[in-house]
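So the structure is just underneath, and the comments pick up after that.
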Amino acid sequence: MKSYKVFILSGLLAAGGLLAGCEKKEDPFVDRVVAPVLVVVQGAADGGGQTAEPVVSQTITAPVTMSVKVYELDKSGILDYKVGIDSIPVASLALKLTKRDGTVLADLKTDNTGLATLTKTWAELGIAAPAVGSSVSLTWVGEHKGQAFTRLSRVQGVK
């Protein structure tokens with residue numbers, strides 16, 4: 001009988017030690033902050049807002065045109081199904097478009113509808129002889145109401 005008591009007591013102490021040692025820690029690798037805006041990549045196969053890196057297909061024989069539309073989300077009506085979340089275009093927002101290696105491609109500004117557009121040749125994007133499947137990874141960077149944000153995308157060559 002005594003050995004059962006010792007076994008149960010040691011099991012309870014071990015379980016208590018495991019539970020006491022569990023504390024929620026911050027993720028040391030990724031600082032997660034809610035983006036201040038919604039950046040929708042125009043022309044992407046998924047609609048531009050559903051994936052981490054939307055891909056826009058562009059012909060290899062013509063200049064590349066990339067566009068994003070930037071919205072601020074008004075969530076004041078989120079609890080009213082008749083109102084919901086409202087998407088408000090962000091006008092005159094400064095954006096910097098870079099390649100992933102940090103090369104700046106353009107400084108852009110959104111228009112009154114929240115749209116920013118860039119047109120470049122494949123050579124200006126760093127691909128002198130584009131072929132089907134050629135791609136350039138892009139980063140759209142900006143700041144809205146004092147909070148920085150980044151949106152990834154990619155342009156890929158098609159026939």
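Of the candidates A91, A52, A106, the single residue that is within 18 Å of G142 (Cβ to Cβ) and touching a Leu at 6+ places or on another chain (Cβ under 6 Å) is A106. If you check V155 against the conditions, is it touching a residue at least 60 places away in the same chain (Cβ under 8 Å), of a type in the set (V, I, T) and part of a loop (DSSP other than H, G, I, E, B)? Answer is no for this residue.
Of all residues in the range 128-147, those that are open to solvent by 30 Å² or more (accessible area, probe 1.4 Å), among the hydrophobic types (A, V, I, L, M, F, W, C) and closer than 20 Å to P54 by Cβ total 2.
Only a single item in (1) exposed (fewer than 14 other Cβ atoms within 10 Å of the Cβ); (2) under 30 Å from A131 (Cα atoms); (3) not polar (S, T, N, Q) is not met by Y81, and it is number (2).
Here A45, A62, A52 are screened, and the one residue that is loosely packed, with under 10 Cβ neighbours inside 10 Å and modelled with pLDDT of 80 or more is A52.
So, A91, is that one open to solvent by 30 Å² or more (accessible area, probe 1.4 Å), part of a loop (DSSP other than H, G, I, E, B) and at pLDDT 85 or above or not? Against the criterion (open to solvent by 30 Å² or more (accessible area, probe 1.4 Å), part of a loop (DSSP other than H, G, I, E, B) and at pLDDT 85 or above), A91 qualifies.
Give me the residue from the range 110-139 that is of a type outside the set (A, V, I, L, M, F, W, C) and in a strand (DSSP E or B) and, out of that set, nearest to the chain's Cα centre (by Cα).
T139
Residues in the range 67-76 that are open to solvent by less than 50 Å² (accessible area, probe 1.4 Å) and either closer than 11 Å to T121 by Cα or of a type in the set (G, A, S) (or both): S67 only. Residues in the range 67-90 that are in contact (Cβ under 8 Å) with a residue 60 or more places away in the chain and among the aliphatic types (A, V, I, L, M): 2 in all.
The values are calculated or read from the model by the stated rules, or taken from the named source; none is laboratory data. Remember, it's a predicted structure, so these values are computed and weren't measured experimentally. Backbone-built Cβ (ideal geometry, glycine too); neighbour counts: all protein chains shown. Please note that ligands, DNA and RNA were not included when accessible areas were found on the heavy atoms of the full protein model with its side chains. Shrake-Rupley method; radii C 1.70, N 1.55, O 1.52, S 1.80 Å.
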